[in-house]
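Visitor: Following this message is one structure expressed as structure tokens.
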Amino acid sequence: MLEEIDIKRQDGIAHVALNRPSVRNAVTLAMWRELAETFSRFAAERDLRAVVLTGKGKNFSVGADISEFDKIRNDKQQSAEYEVAVDACSGVIAKLGKPVIAAISGYCLGGGCHLALACDFRFADRTATVGIPAAKLSIVYGVRSVQRLSALIGIANAKRILYSGDRYPAELAMSMGLIDEIHDDVQLAAEQFVQHLAANAPLSIAGAKYMLNGLSMGAGALDLMAAQRLIDAASDSEDFREGRRAFAEKRPPRFRGE
């Protein structure tokens, strides 16, 4: 485990924090790979119900660590390999069959925005500044992230963000759809929200997430047979029976994800 990725678990919630506050949580290639492995492990943890992704200190993430680009992203071959690692990371986060919420303070730029886009929800405080400065570095943003961005905020806003490379304060970012909610204490708000979600049936959330993500990524992205398997598994689950019992007995259900 890298020291630059801090992970804590409590009451079925994993808190993952980028841990390089001295450089505003700039993400190295090693961190992209470590995050991908971390979220891959989360998929197998039945007792894990949700994840909060954040950054240590005053910033979510200023983006990829450009200081290492001369060594690891110096030509088109290295750039392609780097993008594979970045897309693999965001793909694992997006595919995790559990809710993932980004709790954003300060800078959420470039690669930081890439991470936030892969989450299900983005909560921020009023210090948050969001943007994708790829056009200021002559970088073309990856296909998957452009798809997520366009699906989330629409093509016109996506063009504005990608063409301009500008930074947007929290209120404007929320009006564009980049941020879902603004709170004075974003960590507390995120924690309360995922606890609320964690009380619901994991199989229902996993199925809904799979279908919504697939549908949002364009024609043919959703595997209909895989979606049906998720529907069938939930219909034949002990959680479904528990949900019916709890409804009849007028009590909160006790879901176990099976």
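The values are calculated or read from the model by the stated rules, or taken from the named source; none is laboratory data. Values in this document were obtained by computation on a predicted structure and should not be read as measured data. Positions of Cβ are generated from backbone atoms using ideal geometry, with glycine treated the same way; all protein chains shown enter the neighbour counts. Areas reflect the complete protein model, heavy atoms only, side chains present, ligands, DNA and RNA absent. Shrake-Rupley method; radii C 1.70, N 1.55, O 1.52, S 1.80 Å.
Visitor: If packing is taken as the mean number of other Cβ atoms within 10 Å per residue, what is the order of 187-200, 70-83, highest first?
Guide: Going from most to least packed, we get 187-200, 70-83.
Visitor: While we're on this one: Accessible area per residue of the chain at 1.4 Å probe, in Å²?
Guide: On the way: 13350 Å² over 258 residues.
About 52 Å² of surface per residue is accessible.
Visitor: Taking the highest mean first, how do the peptides 56-65, 174-183, 233-242 order by number of other beta carbon atoms within 10 angstrom per residue?
Guide: 56-65, 174-183, 233-242
Visitor: Something else about it: Give the residue from T129, G111, G207 lying farthest towards the positive end of the charge dipole for the stretch 110-219; charges sit on Cβ (+1 for Lys and Arg, -1 for Asp and Glu) and the dipole is referred to the Cα centre.
Guide: G111
Visitor: I'd like the carbon and sulfur percentage of the solvent accessible area for the chain, probe radius 1.4 Å, heavy atoms only, ligands and nucleic acids excluded.
Guide: Accessible surface attributable to carbon and sulfur in the chain totals 55 percent.
Visitor: Oh, and also: How many percent of DSSP beta bridges within the stretch 60-142 run antiparallel, rounded to 5?
Guide: Beta bridges within the stretch 60-142, antiparallel portion: roughly 0 percent.
Visitor: Looking at the stretch 21-59, which GluC sites (Glu not before Pro) are DSSP coil and have at most 13 other C-beta atoms within 10 Å of their C-beta?
Guide: Values: sites: E34, E37, E45; in loops: E45.
For GluC sites (Glu not before Pro) across the stretch 21-59 that sit outside H, G, I, E and B with at most 13 neighbouring Cβ atoms in 10 Å, the list reads E45.
Visitor: Over the stretch 63-130, what relative contact order in percent results from Cα pairs under 8 Å that are six or more residues apart?
Guide: Relative CO of the stretch 63-130 lands at 34 percent.
Visitor: ³J(HN,Hα) across the stretch 173-178 via Karplus (A = 6.51, B = -1.76, C = 1.60, θ = phi - 60°), whole Hz, x for Gly/Pro?
Guide: Each residue's phi maps through the Karplus curve to give 4, 5, 5, 7, x, 6 Hz.
Visitor: If you don't mind, another one. Relative contact order for the stretch 1-99 using alpha-carbon pairs under 8 Å, separation at least 6, rounded to a whole percent?
Guide: On the way: 132 pairs, mean separation 33.0, N = 99.
Averaging sequence separation for qualifying contacts and normalising by length gives 33 percent for the stretch 1-99.
Visitor: At 7 Å along Cα-to-Cβ for each site, give me the label-to-label distance between E242 and D180 in nm.
Guide: Taking the simple label geometry, E242 and D180 are separated by 2.3 nm.
Visitor: Express in whole angstrom the spacing between the alpha-carbon centres of the stretch 24-48 and the stretch 187-258.
Guide: First find each Cα centre; the distance between them is then 22 Å.
Visitor: Per-residue HN-Hα couplings for the stretch 45-57, Karplus 6.51 cos²θ - 1.76 cosθ + 1.60 at θ = phi - 60°, whole Hz, x for Gly and Pro?
Guide: Each residue of the stretch 45-57 in turn: 8, 5, 7, 7, 9, 6, 9, 10, 10, 8, x, 6, x Hz.
Visitor: Can you work out the Karplus-derived ³J(HN,Hα) for every residue in the stretch 84-89? Use 6.51 cos²θ - 1.76 cosθ + 1.60 with θ = phi - 60°, whole Hz, and x for glycine or proline.
Guide: Along the stretch 84-89, the couplings run 4, 5, 5, 5, 5, 4 Hz.
Visitor: Give me the base-10 log of I(q)/I(0) for the chain at each q in 0.08, 0.11, 0.16 Å⁻¹, Debye formula, one uniform scatterer per Cα, rounded to two decimals.
Guide: Results for the chain at q = 0.08, 0.11, 0.16 Å⁻¹ read -0.32, -0.60, -1.23.
Visitor: Give the percent of DSSP beta bridges with both residues in the chain that are antiparallel, rounded to the nearest 5. Walk me through the intermediate numbers first.
Guide: Details: 9 of 29 bridges.
Roughly 30 percent of the beta bridges in the chain run antiparallel, per DSSP.
Visitor: Taking H placed 1.01 Å from N in the peptide plane, check which residues at least 5 places from V27 or on another chain put their amide H under 5 Å from its amide H.
Guide: So V27 has HN proximity to G63, A64, D65.
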